[in-house]
Amino acid sequence: MSTPEALLKFKRRTLGLVAAVAASSLTLAACGNNADDPAESTPAAETTVAEENTAEETTSAESSSTTATTATTSTSSTSSGTGSSSSTSSAAMSADEETLAEVRETFAGLAPEELFDQFDGCSAAGISGSFDCQGDEIGQFQFFDSDAKAASSTQLLTELRSSRVVEDSGDRVVGWSTLGTSAIITVVDNRAGQVMQQLISSDQEDPRQRIYDLGLAKEP
């Protein structure tokens, strides 16, 4: 028969083996669970990546669409602005040409037809019945449809010592007035109550010769 000490040793060994087996089982179970986790988590990870890629593609598509819309809007705005500017310029040119036709007809008695042909356009001035006309080569002229202006201009030409008269037939007076280095060439039609004037530099041009060149008076 076994002694009590032998039985005690046997129990201790048995308990040690049970504890070791239990520990091994727990370790294997843990390893098994860890080994299964990647396989189980892989679909979730793949789903997350796919969702992120889809979101990025959607954002990129929306961004491209927004950029295209902005570019289209910008192009439309530019085209609209260009068209509006061209229309405004054409309207202004048409108005100047219409005013030139009016000036040509109204003041035909002051200057030869060739002078009006050199104007690019005319516009109404600040004073009622007055117009500004200009041309690249001929310069700027002013026209006045006013009896008072005609009377005062005639007086300035015929009475001031700083003025010179080139032609004076009573109704028609042509000459210039000098102020410093500037000269105002003036043509007056007292019967019609009309005046035409041009400001020039007397240092650069001879007023008398300028009058002859424009055909405003006959050169002797």
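The values are calculated or read from the model by the stated rules, or taken from the named source; none is laboratory data. If you're wondering where the values come from, they're calculated on a predicted model, not measured in any experiment. Please note: Cβ atoms are built from the backbone with ideal geometry, for glycine as well, and neighbour counts cover all protein chains shown.
Enumerate the strands (runs of 3 or more DSSP E) found wholly within region 131-193, keeping only those where 1 or more residues are under 40 Å from the mean Cα position of the chain (by Cα).
Strands (runs of 3 or more DSSP E) meeting the threshold: 139-145, 182-189.
Please go through region 120-147 and pick out each residue that is within 17 Å of Asp213 (Cβ to Cβ) and acidic (Asp, Glu).
Of everything in region 120-147, those that are within 17 Å of Asp213 (Cβ to Cβ) and acidic (Asp, Glu) turn out to be Asp136, Glu137.
Quick one: would you say Arg208 is surrounded by 13 or more Cβ atoms within 10 Å (Cβ to Cβ) and either assigned by TED's automatic domain parsing to the domain that holds Phe141 or in contact (Cβ under 8 Å) with a residue 24 or more places away in the chain (or both)?
Judged against the criteria, Arg208 is a match.
Of everything in region 148-184, what is closer than 29 Å to Glu98 by Cβ and surrounded by 15 or more Cβ atoms within 10 Å (Cβ to Cβ)? Give them in sequence order.
Lys149, Ala150, Ser153, Arg172, Val174, Ile184
Going by the conditions given, is Ser201 surrounded by 12 or more Cβ atoms within 10 Å (Cβ to Cβ) and either modelled with pLDDT of 95 or more or among the polar types (S, T, N, Q) (or both)?
So Ser201 fails the test.
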